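Here's the structure, in structure tokens; my notes come after.
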Amino acid sequence: MTRISADEAARLWHEASDDELKELAQRARARWHEPDRATYMIMRIVNYTNVCVAQCDYCAFYVLPNEEGGYVLDRSDVFAKIDELLDVGGDLVGFNGGFNPKLPLEYYCDLFASVRERYGDRVEFYALTVAEFVFLADRAKLPYAEAAARLRDAGVHWITGGGSEILTEDFRARHAKWKYTVADYFEAQRAIVESGMRTTATMVIGFDETLEERIEHLQRTRDFQDACLADGYDGLFSFLCWTYKPHGTALGGREIAAREYWRHMALSRIFLDNVRHFRTSVLTQNEDAFRALEYGADDFDLPIEDEVTQKAGATVDLDLEALLAIPRRLGYRVEYRHAARPPALAGS
Ligand code: SF4
């Protein structure tokens, strides 16, 4: 398959039928993966604080500093959540919280070092998103490279691409003007890659973004990965796309249909020809997420908690066996992908 341009991506979106998109995405997926195999992880997001100064209008999770209801989890809360995850057979924790100005870099380093010390290789954790990383580095007045080195030395292996939503400056100006710029995002992510930690790409669709903005996001992600690969880095391990949940947000609106999500997954798989793993979002699409395996995805998480999306209307199904039966009925061999193994071994 040859690489497609942004114009060709737009044409495909407007003109290709579902079956045509599906077939192209399956061909792109087959470059990396067996057609009938899918991998999954059991994970939980640990929302360590809900205090945030960013005030994104699509967020139902945050509380401003000094407002009622703000919290910061202590270590024993975090350990209890990880213990529960281990009890249900999971081994991946994603830390995600707000931009809390009262938490210094040392809070994060101490927390992550304590998790690494207590659990060793029994769990892996995604420590922060790129968005949180930018905030804490800026607050510590450290260059991104220095902040990344401090976290890496505290035992962090992964900082995910979360907090990206739609990576265009216009989108950020409309909805998240205190978050950071797109340039900041990629500069920080590059520093994470250069520090030796691993990272991922993420995207959220279903706000008011245009098709051109979605494709610009994909273009910037592909360019970033090209540059990483050209310089000898592994770059982005995976691409995860989920959908906006409007409940309780200032922005409001309605959710997009599952079919639009599947088509977007296909377009992303076709366009992002330099990323190996595409992860479909059970957290925001529930049972519909599994059909995205037919549209280019090869991997998914079964989450047991994420307060950010649950506050905005996401529902978590804890019947993991019933969930796994769905991709099996679609004809997939599903295999657990151990997060706690090094990525080179854990990937399919
Ligand atoms: S999405 Fe994240 S950064 Fe934005 S307001 Fe919510 S918690 Fe803060």
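All of the numbers you see were taken from the coordinates with simple rules; none came from a lab. Just so we're clear, the structure is a prediction, and the values are computed from it rather than from any experiment. Positions of Cβ are backbone-derived with ideal geometry, glycine not excepted, and every protein chain shown enters the neighbour counts.
I want the local charge near GLU23. Using Cβ-Cβ distances under 11 Å, sum +1 for each Lys or Arg and -1 for each Asp or Glu among the other residues. Around GLU23, the surrounding residues sum to -1. By the gyration tensor of its Cα atoms, with a ≥ b ≥ c the square roots of the eigenvalues, what is the shape of segment 6-346: rounded for a/c under 1.5, prolate for a/b over b/c, or oblate? Rounded, since a/c falls under 1.5. Can you tell me the 0 to 90 degree angle between the C-alpha axis of helix 130-139 and the longest principal axis of the chain, rounded to 10? Taking Cα atoms only, the helix is inclined about 30 degrees. Between amide H atoms placed 1.01 Å from N, distances below 5 Å from PHE237 occur with THR199, THR200, ALA201, all of them 5 or more places distant or on a separate chain. Here the chain is assigned +1 on the Cβ of each Lys and Arg and -1 on the Cβ of each Asp and Glu. Its dipole about the Cα centre then comes out at about 380 debye. Local charge for THR199 was computed over the other residues whose Cβ lies under 11 Å away, with Lys and Arg +1 and Asp and Glu -1, and equals 0. Work out the charge dipole of segment 6-346 with +1 on the Cβ of Lys and Arg and -1 on the Cβ of Asp and Glu about the Cα centre, then indicate which of GLY162, TRP262, THR284 is farthest towards its positive end. Going by the Cα projections, it comes out as GLY162.
Note on LYS102/GLU307: beta-carbon distance plugged into 1/(1 + (r/R0)^6) with R0 of 25 Å gives a FRET efficiency of 0.85. Full extension of the segment from VAL316 to TYR233, taken as 0.36 nm per residue of separation minus the current Cα-Cα distance, would add 26.4 nm. Listed peptides 41-52, 227-238, 117-128 appear in the order 41-52, 117-128, 227-238 once ranked by packing, highest mean of other Cβ atoms within 10 Å at the front.
For the chain, CYS52, CYS109, CYS228, CYS241 stand unpaired, since no other cysteine beta carbon lies under 4.7 Å from theirs. Less than 5 angstrom separates the built amide H of MET43 from those of LEU302, ILE304, all sequence-distant by 5 or more or on a different chain.
So how tilted is helix 211-230 from the main axis of the chain? Cα-based, degrees 0 to 90, rounded to 10. That works out to roughly 70 degrees.
Between ARG328 and GLU260, residue separation times 0.36 nm minus the direct Cα-Cα distance comes to 22.2 nm. With just the Cα atoms defining each centre, how far is segment 266-301 from segment 1-58? Give it in Å. Going from one Cα centre to the other spans 5 Å. Taking the centroid of alpha carbons for each part, segment 202-238 and segment 150-200 are 12 Å apart. Taking the DSSP bridge list for the chain and keeping only pairs wholly inside it, about 5 percent are antiparallel. Stretched out straight at 0.36 nm per residue, the stretch from GLN55 to LEU142 would grow longer than its current Cα-Cα span by 29.0 nm. Short-range pairs are left out: with C-alpha atoms under 8 Å and at least six residues apart, the relative contact order of segment 6-346 is 25 percent.
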